[in-house]
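Data first, discussion second: the structure below is written as structure tokens.
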Amino acid sequence: MNKPLEDVLVIDFSQFLSGPSASLRLADLGARVVKIEQPDTGDICRSLYVSNIVLNGESTIFQAINRNKESYQADLKDTEEQKKIYQLIKKADVVIHNFRPGVAERLGIDYKTISKLNPEIIYGDITGYGKTGVWKDKPGQDLLLQAISGLTGLSGNDGAGPVPMGLAIVDMLAGIHLTQGILAGLFKKARHKKGTLIEVSMLESIIEFQFESITTYYRDGGEPIQRTKTNNAHAYLGAPYGIYETKDGFIALAMGQIPVLGELLSCSELLNYTEIKSWYNQRDEIKEILSSHLKTKITEYWLSILEPADIWCSAVLNWRELFDSEGFKVLNMICEVVMTDGFKLKTTRCPIQINDQYLESDLGAPKLGEHTKKITTEFLLNG
């Protein structure tokens, strides 16, 4: 299939996860992504292990986030190497980096410099905390951003202390927001032949992610967030919202009328909570009743009652159970990619479909500097 961003050239200086997640999505959409890496070590993420699993000599996170890209090795502090990079940028549509404030200026790849070389460039920049203010030089690391942004106060039960999400959610959200901005910039370029500076901070991304709860907080007069004592899944939503243990597993219950649940589940104690206010003001005691009652039967038994009644509920699956399910298999979400040395690995595909077709690519992550010679021949020898 012809992908929407074919013929778009992206020069990607970013490392770790936030910037590379943005360039990965652009690559999935058809862009040619050239990853600029420093000599010897390359992207630090090549050796940044999030598990003890090694894939062809490098980290799982690098392999997963850098598939379908090319690697060009360059020392940006070397004048001759910098000239070559400038030649590449003159022919590019997009430049991405996620350096701390001031680093791009020291390397000579800041927006002011680059836009003079290429006035139509779409320049995407991710920082941890923005370019100004007392926090601007803090390390933009995901867990630290979760901690400082208030996110860790939303999950877990009351009294459990702050609970972080088990994923690098801030990195990925910042990458998503940068991708959105870059796509808007490309549209502007196509229409008006003008470049655009796109700036995203990880802190702003994770704060905006909490828009619903923050809006509620302000409307509530700034009252402290109060999680439920048990089965908490949302700091503000009333009962029954949460995950409950059953006789053989767990079941998730979203919004629902408590007396209706009482009738369906044959739990007479729940019939007393007829007023909607009580589902919020007395949610702890409601959840305790539900928690005890749901342990008496297996998950499938409760689902067989609740699902036909159109109650929002679900079994809680682990990955093995999910991957074995028919609902997952029909999605074809797992793809196999192959590195140029023949090494194969399974990972997730792009979740976007266009005209009923998946945005597929079977090309794995590049070896460090793998495409330096090819790119030099193609773009620079006659530059």
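The values are calculated or read from the model by the stated rules, or taken from the named source; none is laboratory data. The structure displayed is predicted, hence computed values, not measured ones. Here Cβ is always computed from backbone atoms with ideal geometry, including for glycine, and neighbour counts include all displayed protein chains.
Scanning segment 332-368 for residues that are out of contact with any helix residue (DSSP H, G or I) (no Cβ under 9 Å at 6 or more places or on another chain) and crowded, with 17+ Cβ neighbours inside 10 Å yields 358, 366, 367.
Scanning segment 1-33 for residues that are assigned to a strand (DSSP E or B), surrounded by fewer than 22 Cβ atoms within 10 Å (Cβ to Cβ) and touching a residue at least 60 places away in the same chain (Cβ under 8 Å) turns up just one, 9. When the test is whether a residue is farther than 30 Å from residue 176 by Cα and either surrounded by 15 or more Cβ atoms within 10 Å (Cβ to Cβ) or touching a strand residue (DSSP E or B) at 6+ places or on another chain (Cβ under 9 Å) (or both), residue 246 passes it. Within the set of pairs 6+ apart or on separate chains, which have a first residue in segment 346-373 that is without any contact (Cβ under 8 Å) to a residue 60 or more places away in the chain, a second that is acidic (Asp, Glu), and C-beta atoms under 6 Å apart? The qualifying pairs are 346/336.
There is no residue in segment 214-223 that is modelled with pLDDT under 95, part of a loop (DSSP other than H, G, I, E, B) and within 25 Å of residue 172 (Cα to Cα). Is it true that residue 305 is over 34 Å from the mean Cα position of the chain (by Cα), touching a residue at least 12 places away in the same chain (Cβ under 8 Å) and within 25 Å of residue 230 (Cα to Cα)? Judged against the criteria, residue 305 is a match.
Go through segment 292-319 and give me each residue that's within 15 Å of residue 256 (Cβ to Cβ) and small (Gly, Ala, Ser).
Residues of segment 292-319 within 15 Å of residue 256 (Cβ to Cβ): 293-294, 302-303, 305-314.
Listed by number, the residues that qualify are 309, 314.
Does residue 376 satisfy the condition of being part of a helix (DSSP H, G or I), touching a residue at least 60 places away in the same chain (Cβ under 8 Å) and of a type in the set (S, T, N, Q)? Criteria met by residue 376.
Looking only at residues that are of a type in the set (Val, Ile, Thr) and out of contact with any strand residue (DSSP E or B) (no Cβ under 7 Å at 6 or more places or on another chain) in segment 34-49, which one is surrounded by the most Cβ atoms within 10 Å (Cβ to Cβ)?
Looking at residues that are of a type in the set (Val, Ile, Thr) and out of contact with any strand residue (DSSP E or B) (no Cβ under 7 Å at 6 or more places or on another chain), I get 44.
Across segment 50-66, the number of residues qualifying as among the polar types (S, T, N, Q) and either out of contact with any Leu (no Cβ under 9 Å at 6 or more places or on another chain) or loosely packed, with under 13 Cβ neighbours inside 10 Å (or both) comes to 2. Candidates in segment 179-237 are the residues that are touching a Phe, Trp or Tyr at 6+ places or on another chain (Cβ under 6 Å) and among the aliphatic types (A, V, I, L, M); of these, the one that is surrounded by the most Cβ atoms within 10 Å (Cβ to Cβ) is 203.
Among the candidates 129, 123, which residue alone is within 25 Å of residue 183 (Cα to Cα), part of a loop (DSSP other than H, G, I, E, B) and hydroxyl-bearing (Ser, Thr, Tyr)? Outline the logic, then answer.
Details: 123 fails: part of a loop (DSSP other than H, G, I, E, B).
Exactly one of 129, 123 is within 25 Å of residue 183 (Cα to Cα), part of a loop (DSSP other than H, G, I, E, B) and hydroxyl-bearing (Ser, Thr, Tyr), namely 129.
Among the residues of segment 34-45, write down those that are within 10 Å of residue 71 (Cβ to Cβ) and either within 20 Å of the chain's Cα centre (by Cα) or part of a strand (DSSP E or B) (or both).
Step one: filter segment 34-45 for residues within 10 Å of residue 71 (Cβ to Cβ), giving 34-37, 42-43.
34, 35, 36, 37, 43 - these are the residues of segment 34-45 that are within 10 Å of residue 71 (Cβ to Cβ) and either within 20 Å of the chain's Cα centre (by Cα) or part of a strand (DSSP E or B) (or both).
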